[in-house]
Amino acid sequence: MTRKDTTANAGSPADDPEDEVYTARHDWTASDVPTPAIVRGVAAVTGTDPMEMRPLYDVLDPEAVNQFVTHASGRGRPTRLSFRFEDCAVAVHADGRVVVTPCE
C-alpha cells in the first residue's frame, strides 16, 4: 500500500500505487508537532489502526523528538532524525517532512 501527502498540516494521505513511501509536509513552527505525524504515516504505510500499534514512546521519547525537530527548524541547516518503528524506516526532517518507508 502506498501513501503520499505533500500538503501542509496533512490529514489523510493519497494513494499512489507506484510508490511505497509515505511523505507528508508539516509546519513545525506552527502548532503542528512531529509525533502525531509519525504515527499517522506509519499507520498509512502498514495499513494498521494507530490504536493497534505499540506506543511510540516504547521506541523513543516523543517530547524529545518534538523539541529536537521544532527547535532545529529555525537553525537554517538540514536536520533529520531517523529511526525504525513498526517495521518501517522513519525520517523526520526539520523542514517539515515526515518520510515513512516499509522495511523489507
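The values are calculated or read from the model by the stated rules, or taken from the named source; none is laboratory data. Since we're looking at a predicted model, the values are computed, not measured. Note that we place each Cβ from the backbone using ideal geometry, even for glycine, and neighbour counts take in every protein chain shown.
Taking first residues from region 51-70 that are under 22 Å from TRP28 (Cβ atoms) and of a type in the set (S, T, N, Q) and partners that are assigned to a helix (DSSP H, G or I) and modelled with pLDDT of 85 or more, the Cβ contacts under 7 Å between residues at least 6 apart in sequence or on separate chains come to ASN66/PRO34; ASN66/THR35.
All of ARG84, ARG54 fail the test of being surrounded by fewer than 17 Cβ atoms within 10 Å (Cβ to Cβ), modelled with pLDDT of 90 or more and part of a strand (DSSP E or B), apart from ARG84. For region 60-68, the condition of being buried (at least 20 other Cβ atoms within 10 Å of the Cβ), modelled with pLDDT of 85 or more and either of a type in the set (Phe, Trp, Tyr) or within 15 Å of the chain's Cα centre (by Cα) (or both) holds for at least one residue. A Cβ distance below 8 Å, combined with a sequence gap of six or more or placement on separate chains, defines the contacts here; from region 37-48, residues that are in a helix (DSSP H, G or I) reach residues that are basic (Lys, Arg) in the pairs GLY41/ARG3; ALA44/ARG3; VAL45/ARG3.
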